[in-house]
Structures are given as C-alpha cells and as structure tokens.
Ligand code: SF4
Ligand code: SF4
C-alpha cells in the first residue's frame, strides 16, 4: 500500500466527511500588508488566556513594568504566564469582561502604557542549537505561548511530549471565511515561521513535517515553498478549500487518513499539530527572547473603511483596532471575535485581544444579518432534510441531537456523541429551517457539565450523610448500652438498698399528698377569695414540677422495664398534679396542662438520666413549698378554728419536711431517717384519722364523697394522659385498701417486694387521710360553730 | 450604540425551508404541463381545489393551535402537499374528492401530529390511500388521454364533469371513458394487469390503444416531465440524490429480474419506469424529508425498499399502482431504518472500520 508520504507527494489527500463552502471573503484583507502595532491608551490583559489554570500574579497595582516583563508566574504545566505588552504602570487589577462566548468576566490586569515602549533586558540567541532541549522548552514556557489557532492549549505541553512523533503537522489551513492572519504572516514572515518549525523539529524529531495549507492561499504557499525548498522532510500539502479543514481532527484526517479516537490527544497517534502563528511565536521567544505580547489580527468586514491585518498588542481593546481600520457604523453594531462560523458576538468594544484572537469581524448589516440572532430568528421546525448530517464533519446527526437537546434527554445526547461536536457551525449554516443548532448544543453541553458537577456534589453529600448516619448509629448504640447499665444499676439498687428505694417511693407518696392538699386548698379557695394570688403561685410551681417530672418519667421509661413501676407512679403524680390544677382552674386548664405533658415528651426523651435526681430534688422542694403554703393558709384562714386542728396539720407538715430533706441528699444514713419519717407519717395519719373521726361526725360523709370523686377523676386523668399503661386504678384501689388497713391499725409486714407496694400504699393512705382531715377542717371552717 | 448579539455561526447559506418547498412546487411544472397536454384540464382543476382546501385547513388548524399563522401558512409545505395530491388524482374525479383529500392530508395527517416536521406519513399519499379505500369507484375512473377520447373535452366540459358529474351534453364519466370501439379505457398499468388475468401476454397487452407506441399514451410524457423536474431539483440540491436513485435502481432491478425470468408475464423495466406515478414518486414523493429516512445510508435503504414494494404491489397486489402504498409502508419503516443506519461518528469505533 502506498505510504502517506507517497500519497501526499502525488498530491492526493483523504477527505473528511461533510464540510461546506461558505463565501470566503478573504479578498478583503489578503493582499494588504500587516499594519504595525499601535499602543492604545489602556491595555486590558486577562490573566487567563488559555486552557488551564491562571498563573500567580507577581505584580501589584501601582507597579511600573517594562515591555516583556512577566506579570504572572506559572507553577504548573497547564498554566501559562502573561507579560506586559509595553512599558507602563499597572493601574488596576480587577474583574473585566473577557473574550468569551458567554460574556464572562475574569481578573484582568489594567496597564496604562507610558508610551515609551521600553524593553526589559533581552538575551538574543541566534543559534538555538546551542541550547539544550530543556532550555528551549523553558524558554517557550516562560514566553507564555499557548496555541494561537483556537483553543489555546499550552504549547510547552505539546512540544515536550514524550510520545514518539511521526508527523509534525503545521496548520496553515485557515479555513474560516474572512480570516487571513496566518496567510499574511506566512506571506511576510515565512523564514521566522520556518525557524519556529525547525525548533519544534529539534525538540520532537518527527519523521515528517506536513504543512497543511488550503489551495486558496497561493502567495503564502509560494512563500512557504521557497523557504522550505531545500528541506527534505517538510512537505507542503496544498489541500482543497473546504470548511472546516483547519479543524485539528479534520486536518489530520485529510493529511494522514487517520481519525483521532474520541477523547484522545493526537500525540497518542504520533502526531503533533502546531499553528503557524504559534511557530512564529516560538521562534520569536527562543531566538529573540520575546514573549508572546502581540499577534496578527484580521480586522475585516464591510462595515470597515480599510479592513486589514494588524499587529495588535495582547490586551488592546477591540474598539481601538476597529477605529484604526475606520469603523464608522454607528447604529446597530455587530462585532464578532473570530470568524463568521465559529466566532462570537461581543457585548461591547472594550473587550481585549488575547492570544487566541485571530479576527475581529465588523460586518455590515447586509453582509451578515445573522439568522440566529434573537431579533431576526426565522427558525421553523426541523423538516428532517438531513442536510445538517450531510455536512457535519464529526459525522453526527445534528437533527437528532437537536431534538434530544430540546427534550433535555441527556442520556440520548450522550449516545449521539454530543461531546464530539466541534461546534463548527456547518450544520446550522446549511439548515433550511434556520435552526440555531450550535446554540442548542452549547446550552445542552453546559447543562450536562452543570449536571455532572451537581452529581459529584450530591455524591459527596451522600457520603457525608452516610458517615453521619453511621456515627449517630454508633452513638445511639453506645448510649443505649450506657442506659442499660444505669438501669441495671438502679434496679440492683432498688432491690438491695432499701433506703434509696424508699426515698424514691416516698417521692410518690409526697406527690399524692400534695394532690390532696391542693384539692383541699381548692375547696378552701372557693371560700377564701383573698388566697387567690397565693394559689396562683403554687399552681405555677406545680406546673413546672409536672413538667420536670414528666421529663424524668419518659426518661425512665426509655431506660428499662425495671423502672416502670417507678415511672408509673411518677406519671400518676404528674397527672394527679395536673388534676389538682384542674380543680383549681377548672376543666379548661386541665386540658392545657395535659397538652403540655404530651408536648414535653419528645424533647424530654433525649434528656440524660442524670436529670432525674435534680427533678426529685425539685419535687421535694416543691413539696416543702406546698406544705408551707398550706400551713400559712391554714393559719390565715383558721383564725377561729380550734388549736388542736392546727396542731395536727402542723405535725403533718413536719412529717413532710424530713421527706424533702431526705430526698435532697442520698446518704447511707437514709434507712434510719426513712423509717423515722415513716413512723412519723404514720403517727400523723393515725392522729389525723382519729381526730377526724372524732371531730367530724357531721362532715364524714362529705369528705368520703370528696375522696371518691377525686379517685374517679384520677382514673379519667390517666385515660387522658395515656402516656404509659400504668395500673393507677389498681393503685387507687390499693389506696383504699390501705386506708382500711391503716384505720384498722395493721402492722407493716417487711418483705422486700411487698414493702415497696405497701410502703407506697401506706403513704398514699396517709396523704389521703391528711387531705381528708384538711377537708374536714375546711368544712369546719365553713361552720366554725360545729366545734 | 446597541451591540448585536448572536450565536455562531453568523453566516448562513440563506436557503429556507419555504424556498425549498417552492422550488419543489416549481419543479412539478413540466409534469403538470404534460398532464394538461395529454389529459386536459382535470388535474389542474383538482390542484387548484386541493390547494385552496389545504390553505383553509392549514389556516384553521394553525389558528386553533394558536400558532403564528403567516410564516407557517406560507412555508409552502401545505401547498406542495396539495399540488402532489391534485396531480395524483384521476382527472375527472368529482370535486369533493380533492377537497376531502386535501383537508384530510393537512388537518389530520400533518397538523394533528404536530405540524411540519412531525408527521410520520407523507400527507399527500396518506390522503390518496384514504380516498382510494373510501371512494374506490371515483378513484379508479381514470380518464384516458384526450387523443383517444370519442369526444372533444373542453375546459367547460371538464369543470362540469368535476362539479356535476356530467358534461353539458349529458355524458357521464363512464361514457367519456368509453373508447370509440365501445370498451372502457383504463390506465396502461391497469390494462396490463387486467389482460394478465385474461391470459394475455404482456406483449399482447402492449397492443392496447391506451399504451400506444411506447409505454402508454401520455403517461410516458408525464413521467418524462417529472423526471425533468426531478433532475432540476437534483441539480439545485433541493432533494438528496440517494432516495430517487436507489428507488429507481431498485425498481429497475426487480422488474429486470422478473422480466428475465418470465418475459411474457412481466412488463419491461422501462414500462415500470415510465408508467403510473413512478417518476413523480421517485423525485417528489419519497424525497419528502419529513417522513423519510435522514442519513445517506438510510435513504438508500428507504429508496430501495420503496422500489421493491412498488414492484411487488404492481405485480401481485390488488391495486393497479403502488407508489402510495409503498410510500406509506416505507414511512412506517423510516424510524427503524434511521435507527440502524446511524453514521459512525468521527473518532468512534475505529477498530470496526479496519
Ligand atoms: S457544529 Fe457540531 S453537529 Fe454541527 S456540523 Fe459542526 S460538528 Fe457537526
Ligand atoms: S438541516 Fe435543519 S431542517 Fe434539515 S434535518 Fe438538519 S436540523 Fe432539520
């Protein structure tokens, strides 16, 4: 089979699929010499002008810089430094609109030239063969050279590739209409470009060097041929004019017949492609030590008086260049950076020229009335004519891509290889329905990129969430373990250490007692108006107690089954208190308080078990307070009542007090104290009962009625509360039973488990008795004469 | 100073869908002229009726769908559909045939599926098939060429027949169709088909007066007219070359094979090419982009399939001409064809290529 070179020598090439022949319009500028650079009043130099990261700034506002002085240093291979295009002062570093299809803003250095154009120190190197390869690559890197044809890929990466290179391809095709920058550069500077090619040749030692140039550039071809006449392995390939033959992949296909696999760099096929302007810049950098600070830009279009190619300093605002070429179209301006096929509209004329800018197009309205602008869009439905697919150089199916893009079907877009679209615009150019196809693809690509970013973010968030969930799970297990241990400890304590158990139980009794007391108070209140304020205070206290007790209740329930009994009674307490409150404040208030109870549940479930002692402590104090209040009330209201009654109540109050104290501290001494206290309570109770029986022959029935009423209320309260399935009605029965027992004067039997119940019962009974006594006292208050 | 923002490319080759459609309509002129020359005014009247009905239907539906009316109404696609329908109807069919057909084509086949670009079937052919099935009598009363008619038919006569069913002299369509010798004349395709059932060979059938010297009086010229128009479109790159070429080749090959096997019972290849709606179908109907395949490969398959179907239906089917049915069947197959003829994207599946 004939080799690639043989074929090329024969002058026959491969073809890429599709392609179009838009009007070239190169005659506007291709015969005029390149105008020399002029210095504008201000240069706007974007810090990032290539693909990759921006370099680090090494200057600051106010610095005086010399021409060619470095402005940003590069620290990674994918970053490219920038240089001062002329001498002057850095007046600002700020975000400005950069040349980008989306009108993006990025950090730019604003340089105000001093007009003197003073060079930095340069080291001319007439023979690059004296330099090592490393030195040359360093020079290229330091000169800030990135691909000047389109994408702006850092050149030092390309020329330092380690792959074995078969073909060095110099892209001089310049297939976009209007643009003649490379053409003119070749016409005027072929020797320098050849130097650049030789430098790359020296670096990469390719087998062959192919210069691809479209056949419409006869003068440039001649110049090249003359310059390369005596170099054997450089082949000038004059290829047919067809857009987009200047695309990297397309040119490779034309010259070598190979296709670059999707997602792979050409160097993997042993090919490297460089643009003509880049070759020029390399030669300038290596030989003249001149960084990339200016380039040839075609200023063309029929809205200009003298369209031409100019040397433009990097950073020159577009408006300065168009004025230089006589731009006078005052209304409805349209400036395009790049060619008519792939260029983009500029939002204003203060956009700077950058390293990849090869053309500024200022078309008249007749010349290019873009059918794809929003104002003049004549887009109609796709008629599936397939013309777009016929011309697509990437062999895509533009019409199907378009449907999927409109339907936002990203999976289908990926299947149709959307990302292989080079955005050449050939499809939109031929589409009879004038669908802005490329625009749809850009939007779809941006959306897919966005989606990918979001996916990555979501993935990260998911990982974080999973980690958190696991941590919480671990903590929960640990906590449960701790609670279990604590509960077991408590159970053990309950079973062994009677005193502690008793102290807990006594708290229950106290609460019940308080309930009764309150009830008594309420009945007093009915008669004694002046006690209202005091009562209110007590109620508030009770509510808070109820809340905190609820806290401990729920907590204990969570802890273990062993403590359920205890929990039950506490729930009962809370309910009882709530009920007391109800009696004081009528039914409405009761419902409120129950609501509070329920609402308090969820937050309280997380409270640690340590809260329990505090609660108990508080309860005891409350009890004391209640007792005191009771006493006061009694004293205040019983001005006329017999002293014996006061005495009895006093005793009861005193009996309560040690209880409170007992709860306050957990000492070993408790056993004795508790017994002591119990004895006292019992004594008080017996006394109270006796007295009640003795004294209240009249009021007995009423008091019993009251008691029954309260028991019924208690039951209904429990139903309403429904926080735990405690057997309070049974307890109430027990209370009654205990009451009978007590009145009968039965001695307390001591057996570990039974004690618990009995103990509580007795206390409850005592409390009830006390309450009864009080009630009697109250009724006697009502009728002091009965005594 | 306002800056004009537009998406690239900023250039456009300046053709439009509407101008494309218009070009296709113009390209039918030679064929229509031949029709007029050999068959009189009938088809021209039907074309006018169909176009009027199509525009009314398009306008109504666009208004109902709240679409921009002017650009779509005059994008030429409705007019093209109506013209193609008018061409393919029997010249002396009653006026309501073309009106109903046109309304059906536009309102149902095109707009109900979403308008231009969304119709899965070729509207003109769908309407034709609908009419053929619904009104078989009217749709098969083909008028013989003027030169063979016993009477002279003027424009006024044609109008009267189309609108009232009788000429001013009181002749019915059936009477007009009757040969001087007293038998009803059919189209050449019909003639061959009927004769075949009567046990005559093709060569014998070729003696029939409707066929004349070549492949059918008038028909050969009509086909030549459409061929001319088609070549013009190809030259203008308004239609892709792939579909008509593969269609004609496929029909040629099929009929050639059949002719080789049994020359007595099979018409010649050129007879297939130059009778019936072959050329109209090849250049104006199967090239309808909307209901066809999109890629070059897909179109080759599409055209070949259509050619094969036309031959098979002409040979074995119950209907004399087959283009409409073949086109509809191919329309159905088009999405599938597209699915399997996706081009290989640059830089993908390179190993497969080697
Ligand atoms: S813009 Fe994309 S889809 Fe359109 S022709 Fe170019 S590569 Fe193909
Ligand atoms: S060129 Fe336009 S109308 Fe034709 S198939 Fe492509 S997108 Fe559709």
*Taking only segment B:117-145 into account, find how many residues are surrounded by fewer than 17 Cβ atoms within 10 Å (Cβ to Cβ) and closer than 18 Å to residue B:218 by Cα.*
1
*Do the conditions hold for residue A:333, that is, is it surrounded by 17 or more Cβ atoms within 10 Å (Cβ to Cβ) and without any contact (Cβ under 8 Å) to a residue 40 or more places away in the chain?*
yes
*asked:* Scan segment A:361-377 and tell me whether some residue there is modelled with pLDDT of 85 or more, facing another protein chain (nearest Cβ under 9 Å), in contact with a helix residue (DSSP H, G or I) (Cβ under 8 Å, 6 or more places away or on another chain) and away from ligand 2 (no atom under 14 Å from the Cβ).
replied: no
*Could we say that residue A:228 is touching a strand residue (DSSP E or B) at 6+ places or on another chain (Cβ under 7 Å) and more than 19 Å from residue A:424 (Cβ to Cβ) here?*
yes
_So residue A:379 ticks every box in (1) within 15 Å of ligand 1 (Cβ to nearest atom); (2) surrounded by fewer than 21 Cβ atoms within 10 Å (Cβ to Cβ) but one. Which box is left unticked?_
(1)
*Would you check if residue A:292 is within 29 Å of residue A:69 (Cα to Cα), at pLDDT 85 or above and part of a loop (DSSP other than H, G, I, E, B)?*
yes
*Determine which single condition residue A:413 fails, assuming it passes every other condition in (1) without any contact (Cβ under 8 Å) to a residue 60 or more places away in the chain; (2) at the interface with another protein chain (Cβ under 10 Å from one of its Cβ atoms); (3) under 37 Å from the mean Cα position of the chain (by Cα).*
(2)
*Report yes if some residue within segment A:247-264 is in a helix (DSSP H, G or I) and farther than 29 Å from residue B:11 by Cβ; otherwise report no.*
yes
*So which of A:84, A:73, A:54, A:35 is at pLDDT 85 or above and farther than 22 Å from residue A:299 by Cα?*
A:84
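Of all the residues that make up segment B:311-326, how many are under 30 Å from residue B:18 (Cα atoms) and either within 16 Å of ligand 1 (Cβ to nearest atom) or surrounded by 24 or more Cβ atoms within 10 Å (Cβ to Cβ) (or both)?
Looking only at that region, the number is 4.
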*Keeping to segment A:64-100, report how many residues are crowded, with 17+ Cβ neighbours inside 10 Å and part of a loop (DSSP other than H, G, I, E, B).*
13
*asked:* Would you confirm, using the coordinates I've provided, whether residue A:306 is part of a loop (DSSP other than H, G, I, E, B), out of contact with any strand residue (DSSP E or B) (no Cβ under 6 Å at 6 or more places or on another chain) and more than 11 Å from chain B (Cβ to nearest Cβ)?
replied: yes
*Among A:418, A:454, which is the only one that is within 15 Å of ligand 2 (Cβ to nearest atom), surrounded by 10 or more Cβ atoms within 10 Å (Cβ to Cβ) and farther than 30 Å from residue B:236 by Cα?*
A:418
_Residue, farthest from the other protein chains (Cβ to nearest Cβ), within segment B:290-334, restricted to residues that are free of Cβ contacts under 8 Å to residues at least 40 places away in the same chain and under 27 Å from residue B:76 (Cβ atoms)_ = B:329
*With (1) within 13 Å of another protein chain (Cβ to nearest Cβ); (2) modelled with pLDDT under 90 as the list, and residue A:267 as the residue in question, which single condition is left unmet?*
(1)
*Restrict the check to segment A:232-243 and report whether at least one residue is within 14 Å of chain B (Cβ to nearest Cβ) and touching a strand residue (DSSP E or B) at 6+ places or on another chain (Cβ under 6 Å).*
yes
*Across segment A:25-51, what is the total count of residues that are under 50 Å from the mean Cα position of the chain (by Cα) and assigned to a loop (DSSP other than H, G, I, E, B)?*
11
_Count of residues meeting criterion [within 14 Å of ligand 2 (Cβ to nearest atom) and at the interface with chain B (Cβ under 8 Å from one of its Cβ atoms)] in segment A:432-451_ = 6
*asked:* Given the options B:286, B:239, B:337, name the one that is under 14 Å from the mean Cα position of the chain (by Cα) and within 14 Å of chain A (Cβ to nearest Cβ).
replied: B:286
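The values are calculated or read from the model by the stated rules, or taken from the named source; none is laboratory data. Being a predicted model, the structure only gives us computed values, none of them experimental. For neighbour counting, all protein chains shown are included, and Cβ atoms are generated from backbone atoms with ideal geometry for every residue, glycine included.
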